[in-house]
Amino acid sequence: MTSHCSRVLGRISRAFSSAAESTSDEPPSPSTPFERPQLEIRNSRRGFGIVGLLSTSFVLFTTGGTASLILGWLSAFHDPVEGGGILSTLRNGSFVIMEPSGSEESFLSQTNTETLRILLFSALASHLISITSAVLVTLLSYRAATQWLRASEDPDNANLTPIQYGLLVRTLGSGSLMSIINTLRYTSRSRRANAPRFFTEALISVTGIYLLGHTVGMVDLWLHSSARSISVVRAIPIESQPSYGITYDENKCGSFNKTELPCQKLIGWWNGVPWWASDSQQYYAESYNTLWGLNPYKKVEYLNDTAIFVPGPGRNFRSKGFAFNTYGLRVECKTLRDQCDRLPAPLIELGVPGATPVTNCSKAGYPRIPYYTSGELLASGRDTRNIKSFVIGIIGDEMGGMIHGTPDFSSGWTSNPASVVIQLRWLNNTPHWNTDTPGVVYTNALDLYATCTMTYLDVIAQFDPISGDWSILETNLSQPELASVFWTPMIFQVETDDLLHAMKPYLLNRGAQALDVLEASMAQYSMAYASFFMAFTEAFNVTTPQVITLGLYPTAPTLLLVGCLYIYSLIALVMLVFACISNSRIIFVPRHLTKEGEKDEERSALDVAQTWLTDPLPFIGALYPGGDGRHVARSAESDPLRQVYDSDSELRKVGIGLYKGATGEMIFGLMRQNPSRSRRYGCVFTVVDEEGMLGEKVSIRGSALIVPSLALVGETDLVTEP
């Protein structure tokens with residue numbers, strides 16, 4: 001081991017001897033390194049260069065891209081029903097967005113699984129903004145680096161003091177709150193060195209970026225706390241056109257041939273007497289089923305004082321919304337009570353149902369009402385008239401339907417609206433003595449006389465699957481020929497008994513309630529007995545209900561978020577333009593200093609200076625140049641990781657603690673690590689001795705030559721010696 005230490009000392013001695021021999025007065029040979037080309041700063045032949053393009057692209061993608069995505073989404077999925085136009089959005093204070101659904105849900109479903117996309121984009125922007133802010137600060141540092149290079153080239157310009165440089169590196173390198181606070185603490189000192197303008201500009205810019213980033217976070221929180229969603233059921237159009245509409249089928253009733261009676265096909269004759277649908281049991285079966293709601297395919301609904309045909313439940317329409325053509329009937333009636341003459345009422349009649357018999361309705365214009373064929377009203381008050389219930393049609397000056405139906409008229413084709421007189425009578429044989437006229441007996445009559453106008457309509461109706469309700473969209477007068485067909489069963493007294501049964505509970509109330517019931521009953525019964533004539537046709541505007549989730553995003557935080565993101569993008573673009581315009585200086589690197597050593601290289605002086613302002617590694621590399629002799633080449637690198645020498649040798653490691661200064665004082669700070677390997681081989685060198693030997697300088701014609709370090713004199717031998 002002693003011999004090994006001797007060999008080490010010998011190698012160091014020979015290294016010093018070699019250095020001493022080089023101090024002769026002879027000029028250096030042309031092959032010495034000092035005659036090789038050195039690093040130079042030159043003007044670029046192109047005048048400018050692209051720097052920071054990758055960083056700018058990242059900022060534009062994360063900020064401007066997200067802002068554009070939000071605006072595009074607001075435009076593409078804007079709900080025209082609830083949201084309206086731009087003015088409506090500003091007035092209502094919210095963007096109304098249809099949130100896309102990954103699956104079609106039934107409108108009866110109570111679940112809602114849609115994601116509020118704008119909140120997703122806002123959270124993404126808020127999450128990435130911390131990274132974006134750091135990248136944007138590095139773009140801002142190009143501006144500071146440009147001004148720093150200019151200040152360094154002109155001694156008259158104000159430049160950075162060491163503390164200002166350190167604060168600037170920390171501020172531009174991290175952009176954190178603590179670095180900004182420390183820099184602000186320094187600027188608030190009353191006694192400090194004057195800071196150059198670019199120092200103040202950089203501080204203000206970084207502070208603004210920091211505040212802008214946290215503004216995005218607060219806006220995102222505001223948007224999340226105020227945005228909400230609602231579920232609505234919307235009608236989605238479908239292409240199919242199912243047969244839900246109602247139309248007249250002349251195959252069942254006949255064409256509109258005015259040389260015949262309306263619906264001639266269903267009028268039969270028996271012993272010279274016309275009968276309605278005497279040979280069509282299907283007619284009566286379908287009509288009765290429709291009347292009592294048993295027909296699975298056709299139904300009569302009474303809406304807005306109008307009875308209309310609608311498809312029955314057997315058509316399987318409940319899951320669809322649709323509009324369809326159909327027919328309707330509106331009936332308006334007036335009582336003839338005050339226009340017909342009656343016998344005077346006896347006093348005893350006040351407490352019993354019924355009224356004194358009607359004698360004549362000539363005052364109302366109907367002298368044949370009441371209609372009867374036999375009997376008379378005697379002076380004694382005895383009424384033997386065979387008054388029956390009829391729905392009597394009126395065509396011009398003719399009355400018909402009491403004997404043979406429509407054949408009672410010279411022409412059975414009526415106009416639209418059509419007119420009828422209602423004569424309803426129930427038998428009541430209760431006699432009452434007239435107390436004022438002894439011997440005179442009155443028989444009370446339960447009866448109803450009214451005139452009605454029947455308006456037949458072509459109807460466009462609609463079904464709403466959500467509420468299950470029918471509605472009338474549009475009505476127009478039907479052609480008179482169709483009205484004549486529809487009222488024919490009524491003139492043949494097919495529905496009279498049903499009407500009599502429906503009205504009996506309301507006879508005592510001869511006012512508006514009785515008339516309302518009469519109108520509704522006549523409309524529904526007349527349409528039910530005409531249902532046999534109907535066939536199905538295609539519906540239109542067919543839709544299916546679907547649950548749609550609407551996202552409601554307040555206008556203020558949404559636009560503020562978009563604005564902040566676009567400000568980020570604008571700053572990045574401006575900094576990129578400034579950096580490219582200012583990137584006119586290059587560092588000339590001769591080939592022997594390049595990594596490959598084959599050709600000269602040019603590197604952006606702005607890019608290298610920007611690295612010195614954003615990362616402490618270049619400064620560390622300058623303090624500890626390393627022993628491989630490439631510290632000159634490393635100084636022109638723009639990658640901070642390549643500007644610092646790195647080695648496994650403990651002689652090159654840095655520790656922290658107390659060390660003895662040049663004057664012998666103990667100082668706390670960085671120091672080279674104690675060479676523990678030399679101890680293992682019995683050679684003890686203190687740090688001071690090592691630095692003395694390896695740091696001694698030999699004067700060569702006014703220049704200084706640094707003695708090679710241990711790495712160049714056989715450090716490997718020290719490690720591998722047995």
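The values are calculated or read from the model by the stated rules, or taken from the named source; none is laboratory data. It should be emphasised that the depicted structure is a prediction, and the values quoted were computed from it without experimental measurement. Counting neighbours? That spans all protein chains shown, and the Cβs are built from the backbone with ideal geometry, glycine included. Surface accessibility is based on the protein's heavy atoms, side chains included, excluding ligands, DNA and RNA. Shrake-Rupley method; radii C 1.70, N 1.55, O 1.52, S 1.80 Å.
Side notes on the structure shown:
- The accessible area of residue 214, taken with all protein chains in place and a 1.4 Å probe, comes to roughly 100 Å².
- The H on the amide N of residue 44, modeled in the peptide plane, is under 5 Å from the matching H of 585, 586, each at least 5 residues off or on a different chain.
- Accessible surface ranking for 632, 517, 1.4 angstrom probe, highest first: 632, 517.
- Selection of trypsin sites (Lys or Arg not before Pro), the range 152-203, meeting DSSP coil and at most 11 other Cβ within 10 Å: 189, 191
- Shape of the range 360-408, Cα gyration tensor, a/c cut at 1.5: oblate
- Normalised per residue, the accessible area of the range 267-332 is 52 Å², obtained with a 1.4 Å probe and no contribution from ligands, DNA or RNA.
- Since only 183, 274, 224 are under comparison, the one whose Cα sits farthest along the positive direction of the charge dipole of the range 173-307, derived from C-beta charges on Lys, Arg, Asp and Glu, is 183.
- Among the GluC sites (Glu not before Pro) found in the range 258-328, those both in a DSSP coil and sparsely packed, with 16 or fewer other Cβ atoms within 10 Å of their Cβ, are 260.
- Order of exposure, largest accessible area first, which applies to 163, 656, 129 with probe 1.4 Å: 656, 163, 129
- Interchain or long-range residues, amide H under 5 Å from residue 405's placed H: none
- Computed from the C-beta positions of residue 130 and residue 667 and an R0 of 60 Å, the FRET efficiency is 0.95 to the nearest 0.05.
- Total formal charge among the other residues, if their Cβ is under 11 angstrom from that of residue 145, Lys/Arg +1 and Asp/Glu -1: +2
- Here residue 466 sits with roughly 90 square angstrom of accessible surface, probe radius 1.4 Å.
- Note on residue 265 and residue 341: the model spin-label points, each 7 Å out from Cα along the C-beta direction, lie 4.9 nm apart.
- Hz values of 3J(HN,Hα) by residue in the range 574-579 - Karplus curve (6.51, -1.76, 1.60), Gly and Pro given as x: 5, 5, 5, 5, 4, 5
- Contact order relative to length of the range 262-419, as percent, for alpha carbon pairs under 8 angstrom and 6 or more apart: 12
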